[in-house]
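The values are calculated or read from the model by the stated rules, or taken from the named source; none is laboratory data. Every value quoted in this text rests on a predicted model; they were computed, and no experiment measured them. FYI the Cβ positions are ideal-geometry reconstructions off the backbone, even for glycines, and counts take in every protein chain you see. When the accessible area is computed, the model is the full protein with side chains, heavy atoms only, and any ligands, DNA or RNA have been set aside. Shrake-Rupley method; radii C 1.70, N 1.55, O 1.52, S 1.80 Å.
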Amino acid sequence: MARASASLNQQQVFWLCAAATGGFAPLTPWLPWWLSALSTLALLSRAFLLWRKTPLPPAWFVNLIAVIGSIGVGFHYRTLLGKDAGVALLALFLALKLFETKTHRDAYAVVFLGYFLVLSQFFYSQSIPVAVISILTVVLLTATLVALNRAQAKPAASLRLAGVMVAQAIPFMLIFFVLFPRIAGPLWGLPQDSGRAISGLSDSMVPGSISKLALSDAIAFRVRFNSAPPAQDALYWRGPVLTDFDGRTWTIARPGVSTALPYQTLGRGIEYDVTLEPHQQYWLFALELPGKLPADAVIGSDYGMYAKKPLRERFRYQVTSYAQTKPVKEESSEVLRVALELPSGMNPRARALGEELGSKHKRDAIQIAADMLGRFRNEPFTYTLSPPPLGRHDVDDFLFATRRGFCEHFASSFVVVMRAAGIPARVVTGYQGGEINPIDGYLVVRQADAHAWAEIWLSGKGWVRLDPTAAIAPGRVEKNLAAALPAGEPIPMLLNADNALLRAVRFRLDAVVNGWNQWVLGYDANRQRDLLKALGMASPDWQSMGAALMVLCGLLMLALMAWTLRQWQRTDPVIRAWREFQRKLTRRGLVAQAWEGPRDYGLRAASACPAKAGEIAEIETLFETLRYRPVQSADALRKFRYLIRVFAP
Amino acid sequence: MLTPKTRSGSPSIDDVLQTANHIILGKEREIRMALACLLARGHLLIEDVPGVGKTTLAHLLAKLLGLDFQRIQFTSDLLPADILGVSVFDRDSGNFRFHPGPVFSSVILADEVNRATPKAQSALLEAMEERQVTAEGKTRPLPEPFFVIATQNPAHQIGTFPLPESQLDRFLMRIAIGYPDRAAERELLSGADRREMISALQPLLSAQAVLELQQKAMHVHAAPALIDYVQALVEHTRHAPEFDAGLSPRAALGMMASARAWAMIEGRDHLLPEDIQAILPSVAGHRLKLAVGGDMTIALRQLVESVAIP
């Protein structure tokens, strides 16, 4: 490239500043604040120097800033390698590069670094706004390339041309997106950030751990039912099952897992698919109880469903659940022993209550449980998001003193009392309910739907779900949290039924986001196969996809060429023939400049091909006549076209 | 922009150019440009160092075209009356009688025009624009053709009054003559005195013939595609960041007139984009101002190279 070392004009450097800003700005939410500030300052001062036409700072100064910035990045991330530190360094260097950008070669480096930074946004987020911003940034960067190659172009013209180019690329992008063979799983592993806090259920529960989720609108998962969804109070999404209790904290017991169901399903199942947001844990959620497991999932001895790897990406799976089940065999004595364990010395009053209930009802589990649920219903218990703090014996404090609590208080104390009465019992956490989005029909389950309930073992019937919350606040399971909480309690904004407009907007927005997740981000090998089958491709293997890709791209190219040809045919026949003449000479190395007059070009051509000088002069004279003389004749045009057709330099 | 030397349609123009090239050596293009300026009914500003032949050029053109010639040396004490003329009381008739000044000639050399005060400058420039002189309430037309060649010394600006942009605009073209090349200079040194050569010359044209040529130049055909090209060039100067202000419609008209005269000298009755490119530096150079500074010649070359011929 002959222009590579040519220097840039002021407008082009402004373009570069804009391009660098466009590449860098969307990354600011993920960069350390001081780095964002440093890069912004660098960009602003570069633009200011340019505006004031002040000379650039010396190279050692820029290098010093680069070294200081790199040390800062090293300290901040404890490394200079890896995704985050790498992106931070690129963002810094992009801004500093502008201080030494003088030639076209430097300018191209800036623009391509900008393109790379656009990609790096997707390390952090793949949402719709990020995609829109990326496309806009790509237009800006492309416009910068246009401006670099057309020193005199007006900014609006550069942007328009870049927009047209990106718009023309979009059909190709879509074809590639749909047809490019997908590989199951990502092409390369992205380093994961460890310890990123994600709200959601955990593998342990203390009083307050569920209620702190209750105000979160964050989406836990979305469900699409293949038939009518079950009633709201049947939507128990089983999650971590907590068996171990140390007197205060319930924790998951590492269950043995297998692919065979430990129970037998009865009746008709409910088919649905779940799109689970990543929660960095193993467990999957399903309606109680899953009958047909999704591929790559296993079931635990606690009836919990687990993935083989922690869920670091959005995961979509199909399940069939059955409301009625019966155990295949008697539960192992080990499981039952653990389900009766209570730490000694803790919560003496609750244990006394349990023993009293046990002897009163002669160890009849159903009656004991009914008695306990009746107590919750009849005694002045309150279902609240802001319970008073509890002491060391928190189950005792709750049952006999404060009597104000959230679902985890009720579930925990119920299980403690059941165990004290000699009935194997455990706490099940998960989500209860959800909300159907009327726009796309998906059931949306949010963190606010997090719930804890209890399970007791009934010999012959298996594990039976008992939800103490339903006894004290039936609205919680029949409708939602807002319906169950006393007036005046803070509730998640979106559950507030009064806020109809907000809810309508949110439904629409969520439907769009869900569509994006399902069809863009979730477009994996399976989706691709299903879609292509639906579109009539018999066997969507990679060969046929590749062939379809080629054919469609070819057709698209033909369409674009046909469009160009139409434009071409609209131009003056004289100009068309003249361009043909120039094209023939271009093959001889005589490239016509857009600003070169016909006579100059003719002379240049004649001196380059002396053997053809006569023909060239005749053609040139005819062109002059046809284009610049007042009288036109059809004969001249015919002759002109004929001469050009037979012209062979 | 390299236009081949063609024989023009009018043998008289060829003769004028040929003879002039014998007197002023190695300056074919400049002589051609000066003649185009005259035939386009414009005025010429020559900006160059002393001694490169500005006066000789003016003198030569006047002589060859058969026009009367006057030279006005501009100095800081020059008064408008020194240019336009003065009324003197005539005792015989008992009336004031107007004594026409040097401006009442067909070819005027205004030497070192930037040495005079703005008042004197504007007297000349007004006469150039109006082609008439109003003195003591009476309007007197200037002879036709009327052609002013003003010279300016670009160096030594102390004690001068540089022409403001609005007055530069009165000149259709601004050119430089430049030093002759080695061969031409040698021939000049070994040859006869140029002044004597000029006085020995016979006029090749007359005032009437020049007027006819000016008329003919106005009728050179400009195709729509060519007008598009002039418009594209002018519009480009109005948007390009290199220039402070773009070319005015008057400048565009000047481009058309100059290019027509140029095409006629080339022996054509129609305009080509090359004509526009040939006269562009002379017509646009003094009307544009660079935003940043730098070389106007390069900026004009870039201007031509960044506008595609429609």
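Screening the candidates A:Val416, A:Val428 for the property of being in a helix (DSSP H, G or I), assigned by TED's automatic domain parsing to the domain that holds A:Ala470, open to solvent by less than 10 Å² (accessible area, probe 1.4 Å) and in contact (Cβ under 8 Å) with a residue 24 or more places away in the chain yields one hit, A:Val416. Taken over the stretch A:431-472, the criterion of being closer than 24 Å to A:Pro229 by Cα, out of contact with any Cys (no Cβ under 8 Å at 6 or more places or on another chain) and of a type in the set (A, V, I, L, M) is satisfied by A:Ile436, A:Ile439, A:Leu443, A:Val444, A:Val445, A:Ala448, A:Ala450, A:Ala454, A:Val464, A:Leu466, A:Ala470, A:Ala471.
Going by the conditions given, is A:Ile575 open to solvent by less than 60 Å² (accessible area, probe 1.4 Å), assigned to a helix (DSSP H, G or I) and either touching a residue at least 60 places away in the same chain (Cβ under 8 Å) or over 25 Å from B:Arg260 (Cβ atoms) (or both)? So A:Ile575 does not fit the description; no. Against the list (1) more than 21 Å from A:Val445 (Cα to Cα); (2) touching a strand residue (DSSP E or B) at 6+ places or on another chain (Cβ under 6 Å), the condition A:Arg268 fails is (2). Scanning the stretch A:514-540 for residues that are at pLDDT 80 or above and either in the same structural domain as A:Ile219 (by TED's automatic domain parsing) or open to solvent by 60 Å² or more (accessible area, probe 1.4 Å) (or both) turns up A:Trp519, A:Arg529, A:Asp530, A:Lys533, A:Ala534, A:Leu535, A:Gly536. Taking the condition touching a strand residue (DSSP E or B) at 6+ places or on another chain (Cβ under 7 Å) and open to solvent by 50 Å² or more (accessible area, probe 1.4 Å), does A:Lys102 pass? Yes; evaluated as a whole, the condition is true for this residue. Is it the case that some residue within the stretch A:620-642 is touching a strand residue (DSSP E or B) at 6+ places or on another chain (Cβ under 7 Å), open to solvent by 40 Å² or more (accessible area, probe 1.4 Å), outside the structural domain of A:Ile175 (by TED's automatic domain parsing) and not β-branched (Val, Ile, Thr)? Scanning the stretch A:620-642, I find at least one residue that is touching a strand residue (DSSP E or B) at 6+ places or on another chain (Cβ under 7 Å), open to solvent by 40 Å² or more (accessible area, probe 1.4 Å), outside the structural domain of A:Ile175 (by TED's automatic domain parsing) and not β-branched (Val, Ile, Thr), so the answer is yes. For the stretch A:277-295, does any single residue satisfy the condition of being buried (at least 20 other Cβ atoms within 10 Å of the Cβ) and within 16 Å of A:Trp457 (Cα to Cα)? Yes, the stretch A:277-295 contains a residue that is buried (at least 20 other Cβ atoms within 10 Å of the Cβ) and within 16 Å of A:Trp457 (Cα to Cα). Evaluation of B:Ala240 against the conditions (1) of a type in the set (Gly, Ala, Ser); (2) within 9 Å of chain A (Cβ to nearest Cβ); (3) surrounded by 23 or more Cβ atoms within 10 Å (Cβ to Cβ) shows that the sole unmet condition is (3). Looking at A:Tyr322, A:Tyr303, just one residue is in contact (Cβ under 8 Å) with a residue 60 or more places away in the chain, of a type outside the set (Lys, Arg), within 27 Å of A:Arg254 (Cβ to Cβ) and touching a strand residue (DSSP E or B) at 6+ places or on another chain (Cβ under 9 Å), and that residue is A:Tyr303. Would you be able to say whether some residue in the stretch A:538-553 is without any contact (Cβ under 8 Å) to a residue 40 or more places away in the chain, small (Gly, Ala, Ser) and not in a helix (DSSP H, G or I)? Scanning the stretch A:538-553 turns up at least one residue that is without any contact (Cβ under 8 Å) to a residue 40 or more places away in the chain, small (Gly, Ala, Ser) and not in a helix (DSSP H, G or I).
Residues are listed down the side, and each one gets a yes or a no for (1) open to solvent by 40 Å² or more (accessible area, probe 1.4 Å); (2) within 24 Å of A:Pro155 (Cα to Cα):
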| site | (1), (2) |
| --- | --- |
| A:Thr21 | yes, yes |
| A:Leu31 | no, no |
| A:Thr40 | yes, yes |
| A:Lys53 | yes, yes |
| A:Leu80 | yes, no |
| A:Phe93 | yes, no |
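Restricting attention to the stretch B:200-225, which residues are of a type in the set (Gly, Ala, Ser), in contact (Cβ under 8 Å) with a residue 12 or more places away in the chain and either out of contact with any helix residue (DSSP H, G or I) (no Cβ under 9 Å at 6 or more places or on another chain) or more than 14 Å from chain A (Cβ to nearest Cβ) (or both)? Passing the criteria: B:Ser206, B:Ala207, B:Ala209, B:Ala217. Against the list (1) farther than 30 Å from B:Val16 by Cα; (2) in contact (Cβ under 8 Å) with a residue 12 or more places away in the chain, the condition B:Gly101 fails is (1). Set side by side, the residues A:Phe122, A:Phe112, A:Phe116 differ, and just one is under 15 Å from the mean Cα position of the chain (by Cα), surrounded by fewer than 20 Cβ atoms within 10 Å (Cβ to Cβ) and not aliphatic (A, V, I, L, M), which is A:Phe122.
One residue alone among A:Val298, A:Val319 is crowded, with 20+ Cβ neighbours inside 10 Å, aliphatic (A, V, I, L, M) and part of a strand (DSSP E or B), and that residue is A:Val319. Whether any residue in the stretch A:224-246 is closer than 27 Å to A:Leu342 by Cβ and either in a loop (DSSP other than H, G, I, E, B) or not assigned by TED's automatic domain parsing to the domain that holds A:Lys329 (or both) is what I want to check. Taking every residue of the stretch A:224-246 in turn, at least one turns out to be closer than 27 Å to A:Leu342 by Cβ and either in a loop (DSSP other than H, G, I, E, B) or not assigned by TED's automatic domain parsing to the domain that holds A:Lys329 (or both).
Scanning the stretch B:157-174 turns up at least one residue that is assigned to a strand (DSSP E or B) and modelled with pLDDT of 85 or more. The set of residues in the stretch A:589-611 that are more than 13 Å from chain B (Cβ to nearest Cβ) and open to solvent by less than 20 Å² (accessible area, probe 1.4 Å) comprises A:Leu590, A:Ala605, A:Cys609.
Conditions (1) surrounded by fewer than 19 Cβ atoms within 10 Å (Cβ to Cβ); (2) within 14 Å of chain A (Cβ to nearest Cβ); (3) on the phi > 0 side of the Ramachandran plot, marked per residue:
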| residue | (1), (2), (3) |
| --- | --- |
| B:Ile227 | yes, yes, no |
| B:Arg250 | yes, no, no |
| B:Ala261 | no, no, no |
| B:Gly267 | yes, yes, yes |
| B:Glu274 | no, yes, no |
| B:Arg287 | no, no, no |
| B:Gly294 | yes, yes, yes |
| B:Ile298 | yes, yes, no |
| B:Ile309 | no, yes, no |
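Please count how many residues of the stretch A:295-311 are of a type in the set (Lys, Arg) and touching a Leu at 6+ places or on another chain (Cβ under 9 Å). Final tally of qualifying residues: 0. Taken over the stretch A:332-369, the criterion of being in contact with a Pro (Cβ under 9 Å, 6 or more places away or on another chain) and open to solvent by 50 Å² or more (accessible area, probe 1.4 Å) is satisfied by A:Arg337, A:Leu340.
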